[in-house]
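Each value in this text was obtained by applying a stated rule to the coordinates, not by laboratory testing. Computed from a prediction, not measured in an experiment: that's the story for all the values here. Reconstructed Cβ throughout: ideal geometry from the backbone, glycine too, with neighbour counts over all protein chains shown.
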Amino acid sequence: MLQLHTFGPHFNMPDASPFCIKGLLLMKLSGLPFETTQMSFKQAPKGKAPYLVDGGKVIADSHFIMKHLENKHGIDFTGGYSAEKLAIGWAAARMMEEHMYFLNGYERWMVDENFWKGPIQFFKDVPAPIRPFIARLIRKKAGKTHQAQGLGRHSNDERFELAKGNLVAVEAMLGKNKYFLGNTVSGADASVFPFIWTASTPYFKSRIADYVRTRPVLEDYLKRMKTEFFPEYQNG
């Protein structure tokens, strides 16, 4: 059976990582039997989750998991949409995965209240006497990543404006559609939905989350997707 390796449920969601939620949604869309298991940094080919184990092959990265499912198992994630529509989906995926991800990650890791409520949980297996030291060390590393990526150099107001721009763009593309590209679910939803969900969770204190809750189009989309694919997390 296919095995999807993830971090596991956190923060009232099926996973702490939007990329892992993307992987979970792709597996659900594929219709293939699969099971989830706890990821191991030692076994992860790229040191990240998710990764998929299919027989003797290990596939790292959610995008390449999708391509593997298409190429080996014949799964069609296009939803029957035109090349033009799929190009919109590709652009939205890059916006969410390469931009929104870091804006939301900053809220979790670099805001004190959120860090000590959320990411600190990732260190629960570290011996208690050194846990705060290790947590601060990794947090400092995360801060350097945000600085190097660039978004960490902006003010809180500037980051919020950028996040709001992403969400307004998604809202405009979504329009009155049931799913992101139209009335049929597609691989684009696997990229867009998890990043809006993880940004909007009420578990953390965030202006981004507050903003999503003022946008009926986004809220309705989240509700539909959670009801259909993750009904056990409708209140997450």
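Which shape class, rounded, prolate or oblate, goes with the range 83-233 when its Cα gyration tensor gives a ≥ b ≥ c as root eigenvalues, a/c under 1.5 marks rounded, and past that a/b bigger than b/c marks prolate?
Working: a/c = 2.16, a/b = 1.74, b/c = 1.24.
Prolate is the answer for the range 83-233, as a/c is 1.5 or above and a/b outweighs b/c.
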Most mobile listed residue (165, 182, 150) in the chain, GNM with C-alpha springs under 10 Å = 150
Fewest-first ordering of 103, 162 by Cβ atoms within 10 Å yields 162, 103
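Give the order of 228, 84 when sorted by the count of other beta carbons within 10 angstrom, beginning with the fewest.
Numbers: 228 12, 84 7.
Least to most surrounded, the residues fall as 84, 228.
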What residue among 24, 174, 218 shows peak mean-square fluctuation when the chain is described by a Gaussian network model with Cα springs under 10 Å?
-> 174
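What dipole magnitude, in Debye to the nearest 20, does the chain give about its Cα centre under +1 on Lys/Arg Cβ and -1 on Asp/Glu Cβ? Intermediate values should be presented prior to the final figure.
Values: 31 positive and 23 negative charges, 132 e Å.
So the magnitude is around 640 debye.
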According to the square roots a ≥ b ≥ c of the eigenvalues of the Cα gyration tensor, what is the shape class of the range 55-100, taking rounded for a/c under 1.5, prolate for a/b larger than b/c otherwise, and oblate for the remainder?
-> oblate
Qualifying GluC sites (Glu not before Pro) for the range 86-126 [loop in DSSP, other Cβ within 10 Å: at most 14] | none
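Sort 198, 78 so the one with the fewest other Cβ atoms within 10 Å of its own Cβ comes first.
On the way: 198 28, 78 17.
Lowest to highest Cβ neighbour count: 78, 198.
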